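The values are calculated or read from the model by the stated rules, or taken from the named source; none is laboratory data. Note that the coordinates shown come from a computational prediction; the quantities given were computed from them, not determined experimentally. Glycine gets a Cβ as well: all are built from the backbone with ideal geometry, and neighbour counts include every protein chain shown. Each accessible area value is taken on the protein alone, full model and side chains, heavy atoms only, with ligands, DNA and RNA left out. Shrake-Rupley method; radii C 1.70, N 1.55, O 1.52, S 1.80 Å.
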Amino acid sequence: MFQVFSEWDNQHTGFVTLGLALCLLGGMAAVGAWRFTYISSGRVRRGWIIASCVAAVCVVVNTLAVALLLASPAEILMRDIALAIITVTILGMTVSVAMAVWSGAQGTQNFRSALAERVMVLDAVVQEDKAGFCLFSPEGRLDSWNEAFLNIYAVAPSQPLAGRSLAGLIKVLRRGGNLLADFGQLSEIKAASASGEPSEVTLELRDGRHIRIEFRPLPNGGWIAKHADVTDYKMAEQRFAYLTLHDIATGLPNRAAFNQRIVHTLAIARDQHASFAVIRLGIDRFKEINDVFGQSVGDAVLARMAERLNETCHWGFLARPGGDEFSIVTTPVPVADVVEEICAKVAQLCDLELEVDGHAIRVGSTAGVSIYPHDGDNADTLIAHADVALYRAKTERRGTVCLFEPAMDLQIRERRALQRELAEALPNGEFELHYQPQATADGVIVGFEALLRWRHPVRGMVPPATFIPLAEETGLIGAIDEWVLRTACVEAASWSNPLAIAVNLSPLDFRRLDVPALILQVLMETGLDAKRLEVEITEGVLIDDFAGAIAILRRIKKLGVRVAMDDFGAGYSSLSYLQSFPFDKIKIDQVFTRKLENNPDSAAIIEAIIDLAHRLNLPVIAEGVETESQLAFLAGAGCEEVQGYLIGKPCPIGLYRQITGASCAPQLLAKVG
């Protein structure tokens, strides 16, 4: 090995060293150029590929030259060939370097172009954004801004802003009329910009505008401030907050606001050992106003009522929790004896005449009052007791002011319990029908009226006057009346004696059910002859929707079913109804029949009704006949049919089997019970 090196002279050693150096540099150039191909594209990438390939070829060729020099160090020819190869390698490396320089320069130019394009796009985006942008340097100086920023604060484009500090910029904005409603917000702005953390401040200006500023710190110590005019959003937010606590129709505080006020008033009253009142005021027969004058007038009545109450109730907090009711909570006063004064003030509100859309409408109201602490020591109890008092007043005497009494609460609890039990009565089979006979004036029974009874497992027989209004109030009456109709028809269809069967239907059935379809279905299911069925209605069917009710009654008549007007003479419009619909029978209210013997007016009214019915070719039946003298008077007046305890009490149909099961002609009068 040492002999090989001894044959080298200085020139040979230099060639070997140069070859090795070129191999190393060529390899480094090839690898470096190839790495640039991954981060470039287009012509630049092709240039880097060529440079890398040329450098790689130079490494291979130069490696061959070094190998020749090492293999034959003494041969001049080999040295000359290696020298030629090294020379070519140097030229190739020169080409590779040139390509690298060109590719680098081209890449730099492309990068600068792309960067300039991105800056241009970013500037366009910022300028087009509706939000205003401000860029502050690490020294706290304004570097740049967009047009939206100038528009938000109405700053002229010619106004010199560059290089201003935050305080200087605020002064410029204030000179432009952008004055803060609260100068305390100025310290919030300065604190947010100096915090070095993302933050947000919403400013309220004196002109009513709201500007939200978002501060975002930058890595270099500067920050970006984004300005947005959020006035519309704030107004919508305030509007939503207003609607949350106010009634739309009247503009008064709503139930939520009223409840908040009671809680606040309670706290004051407890601290001061004071007393206050909670008042519920309801408009009487508001539905009739809607029905007669229309929904729009009804809404206007509520609005006018709210105005009048607002003008008067300066001594309390007025609200409308909903429907036709208003609520008032009075201001706490140290003396507890304020009941009479409160009632006097409320009574003035219970009878008002309002001018609405050209109509002079007298609006009556009823009020219930509860007093703190006598009637309750919390908001829920006081409101509930005022509601109880209002319900009591509406039930017994409308147009008055009713103070809560402990006994009322017991009555309401009892009513609610009865309501719950009524809902279970039909599924539990607690209802039953009693039948009362109807007869001609000379004693021949011609039919029965089916009367509903409720046999409660604990309470016993619950009077119809107690549970039927409750069923109508709760909406249970529809299902109950359907059961009555079907049960009565099934029973009547089983009689061998084809007597008539009369069934009462509630006015609510005509609003919520398809009564003609129901009757047809029941007749088909039971096989009862339609001519034997008689439907009794009261004036309430016709009052709410006269035209609609008449149309329904005509459909019932087309089925062959008879229609009778019940409780005739007790209402206000019975005579006009007789002209509008061909009733099959009218039924004189028992109030007149029972007073026949001691009230001449009742006798005169009955005679007039019978005479009118005869002129209209209408049969008449009088209910409530209990004495022979009443029967004699009715027969003498020309009344065709009678019904009452004298004829027979309402009883289970089993007690009348001898009558209903007879196969011969209708039986003569048989007194039962």
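Which one of these is assigned to a helix (DSSP H, G or I) and open to solvent by less than 50 Å² (accessible area, probe 1.4 Å): A608, A603?
A603
Six or more apart or on different chains, Cβ under 7 Å: which pairs go from a residue in the range 387-411 that's under 17 Å from R285 (Cβ atoms) to one that's open to solvent by 60 Å² or more (accessible area, probe 1.4 Å) and in a strand (DSSP E or B)? Could you list them?
Final answer for the pair search is G399/D351.
Yes or no, residue by residue, for (1) on the phi > 0 side of the Ramachandran plot; (2) at pLDDT below 85; (3) open to solvent by less than 40 Å² (accessible area, probe 1.4 Å):
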site	(1), (2), (3)
E536	no, no, yes
G540	no, yes, yes
I543	no, yes, no
L578	no, yes, yes
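Those residues that are more than 30 Å from N146 (Cβ to Cβ), without any contact (Cβ under 8 Å) to a residue 24 or more places away in the chain and open to solvent by 70 Å² or more (accessible area, probe 1.4 Å), I need them from the range 224-263; list them, please.
R239, F240, Y242, I248, Q260
Taking F149 as the residue in question, decide whether it is open to solvent by less than 30 Å² (accessible area, probe 1.4 Å), assigned to a helix (DSSP H, G or I), touching a Gly at 6+ places or on another chain (Cβ under 8 Å) and aromatic (F, W, Y).
yes
G221: in contact (Cβ under 8 Å) with a residue 40 or more places away in the chain and either in contact with a Pro (Cβ under 6 Å, 6 or more places away or on another chain) or not in a helix (DSSP H, G or I) (or both), yes or no?
yes
Can you tell me which residues in the range 440-479 are small (G, A, S), at pLDDT 90 or above and part of a loop (DSSP other than H, G, I, E, B)?
A441
Just to verify a result, which residue in the range 387-413, among those that are open to solvent by 20 Å² or more (accessible area, probe 1.4 Å) and within 29 Å of the chain's Cα centre (by Cα), is farthest from H273 (Cα to Cα)?
Step by step, filter the range 387-413, then rank; the result is Y391.
Among A360, A384, which is without any contact (Cβ under 8 Å) to a residue 40 or more places away in the chain, loosely packed, with under 15 Cβ neighbours inside 10 Å and hydrophobic (A, V, I, L, M, F, W, C)?
On inspection, the qualifying residue turns out to be A360.
Run L302 past the list (1) open to solvent by 60 Å² or more (accessible area, probe 1.4 Å); (2) part of a helix (DSSP H, G or I) and report the number of the one that doesn't hold.
With respect to (1) open to solvent by 60 Å² or more (accessible area, probe 1.4 Å); (2) part of a helix (DSSP H, G or I), L302 is out only on (1).
Conditions first: (1) open to solvent by 70 Å² or more (accessible area, probe 1.4 Å); (2) of a type in the set (V, I, T); (3) farther than 30 Å from V333 by Cα; (4) in contact (Cβ under 8 Å) with a residue 40 or more places away in the chain. V297 passes all but one, so which condition is the exception?
Unmet condition: (1).
Hey, any hits in the range 416-432 for a residue that's in a strand (DSSP E or B) and either among the basic types (K, R) or surrounded by fewer than 19 Cβ atoms within 10 Å (Cβ to Cβ) (or both)?
For the range 416-432, residues in a strand (DSSP E or B) and either among the basic types (K, R) or surrounded by fewer than 19 Cβ atoms within 10 Å (Cβ to Cβ) (or both): present.
All but one of (1) open to solvent by 50 Å² or more (accessible area, probe 1.4 Å); (2) assigned to a strand (DSSP E or B) hold for A367; state the number of the condition that does not hold.
(1)
Can you confirm whether R261 is of a type in the set (K, R) and modelled with pLDDT under 80? Spell out how you get there, then give the answer.
Working: of a type in the set (K, R): yes; modelled with pLDDT under 80: no.
Considered against the rule, which asks whether it is of a type in the set (K, R) and modelled with pLDDT under 80, R261 comes out as no.
Does the range 482-502 contain any residue that is over 18 Å from I653 (Cα atoms) and open to solvent by 30 Å² or more (accessible area, probe 1.4 Å)?
Yes, the range 482-502 contains a residue that is over 18 Å from I653 (Cα atoms) and open to solvent by 30 Å² or more (accessible area, probe 1.4 Å).
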